[in-house]
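The next block holds one structure in the form of structure tokens; read it before the comments.
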Amino acid sequence: MSHFVFSREPFTPERYRPLVADPVAGGYASFEGRVRNHNEGRVVVRLEYEGYEALGIKEGDRIIAEAFARFPIAKAHCVHRLGVLDIGDLAVWVGVTAAHRDAAFGACRYIIDEVKVRVPIWKKEHYAEGDSGWINCEARSPDAPAGSAPP
Amino acid sequence: MAVIRIEYFAVLREHVGRAQEDLTTTASTVGELYAELDQRYVFPPIGRVKVAVNDEFQDWNAPLRDGDLVVFIPPVAGG
């Protein structure tokens, strides 16, 4: 079973925490990412996550395999929501167990940081004014000019 | 000529107006395919796009084969 999964339904960390239980584990570290009510000065009322699931599961699993290679951990798991989420909803959960806390904290941090930049998931924010936008896809920056995609 | 299945996500799905299509193309690489589709749909400026073929990341020079599934990946924003 993949250590990285998507959930189309709301979930609680308690549901997945047993997956990282391990008798050698003296420490458990987790991260909960939740939907906040603001971003870059704008009032956010809800958001949508869309995922390319077939590749997302593979890439998420690769990230967790890298965490196992870098840190002496016992178990690790990550769940990411898809669909429409309200303010305060759980968007992503990472759970890691290890014999000692340094590895648990380090691996947990590694997994969430890499998931955010590598797994094909897109976030659309809906604002109080009624408009919406795909995060990271609307901004214009000098190193990402219009139509700059392929070489 | 090859028949390619293209799936669109997020900003590209909304721009194109559908989640997938089958396209007969003479493009020989995924980069050429992207250029062909950009000409047709005039994709919005979305930053650095990546590409996957048959559910694995590929570079833009990857060859296209009949029956391939191609997905263009706009900048991601998980978490």
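Values quoted throughout were computed directly from the atomic coordinates according to the rules given, and no laboratory measurement underlies them. It should be emphasised that the depicted structure is a prediction, and the values quoted were computed from it without experimental measurement. Positions of Cβ are backbone-derived with ideal geometry, glycine not excepted, and every protein chain shown enters the neighbour counts.
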Do you know the relative contact order of chain A, to the nearest whole percent, from alpha carbon pairs under 8 angstrom that are 6+ apart? 33 percent
The stretch A:1-89, convex hull of Cα, quarter of hull surface, nm² -> 7.1 nm²
Taking a label point 7 Å from the Cα of A:ASP131 along Cα-to-Cβ, the residues of the stretch B:14-55 whose backbone nitrogen sits under 16 Å from it are B:45
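Return the inverse of the average 1/r over all pairs of distinct C-alpha atoms in the stretch A:1-50, which is the Kirkwood hydrodynamic radius, in Å to one decimal.
Working: mean 1/r = 0.0707 Å⁻¹.
Mean inverse Cα-Cα distance, inverted, gives 14.2 Å.
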Name the residue from A:SER30, A:HIS77, A:VAL20 whose Cα lies farthest towards the positive end of the charge dipole of the stretch A:19-82, charges +1 on Cβ of Lys and Arg and -1 on Cβ of Asp and Glu. A:SER30
For chain A, with a Gaussian network of springs between Cα atoms less than 10 Å apart, report the residue from A:ALA76, A:ALA54, A:ALA91 with the top mean-square fluctuation. A:ALA54
Mind checking which lysines have their C-alpha under 25 Å from B:LYS50, skipping anything on the same chain fewer than 8 residues away? A:LYS58, A:LYS116, A:LYS123, A:LYS124
Along its principal axes, what span do the Cα atoms of the protein assembly as shown show, with the longest given first and each in whole Å? 58, 43, 33
Under a 5 Å amide H to amide H cut-off, with H placed in plane at 1.01 Å, what residues pair with B:THR29 once short-range neighbours are removed? B:LEU64
Quick one: compute the contact order of chain B, relative version, from alpha carbon pairs under 8 angstrom and 6+ residues apart, as a percent. 39 percent
Using the Karplus curve 6.51 cos²θ - 1.76 cosθ + 1.60 with θ = phi - 60°, work out ³J(HN,Hα) for each residue of the stretch B:60-75 in order, rounded to whole Hz, and write x for Gly and Pro. 5, 8, 4, x, 9, 10, 3, x, 5, 9, 10, 10, 8, 10, x, x
According to the Cα gyration tensor, what semi-axes, each the square root of 5 times an eigenvalue, does the equivalent ellipsoid of the stretch B:2-73 have, listed from largest to smallest in whole Å? 17, 13, 12
Springs between alpha-carbon pairs under 10 angstrom, Gaussian network model over chain B: which of B:GLY47, B:GLY31, B:GLY67 fluctuates most? B:GLY47
Would you mind ranking A:ILE121, B:ILE6 by Cβ crowding within 10 Å, fewest neighbours first? B:ILE6, A:ILE121
Relative to the first principal axis of the alpha-carbon coordinates of chain A, what is the inclination of helix A:101-118, with its axis defined by its Cα atoms, in degrees from 0 to 90 and to the nearest 10? 30 degrees
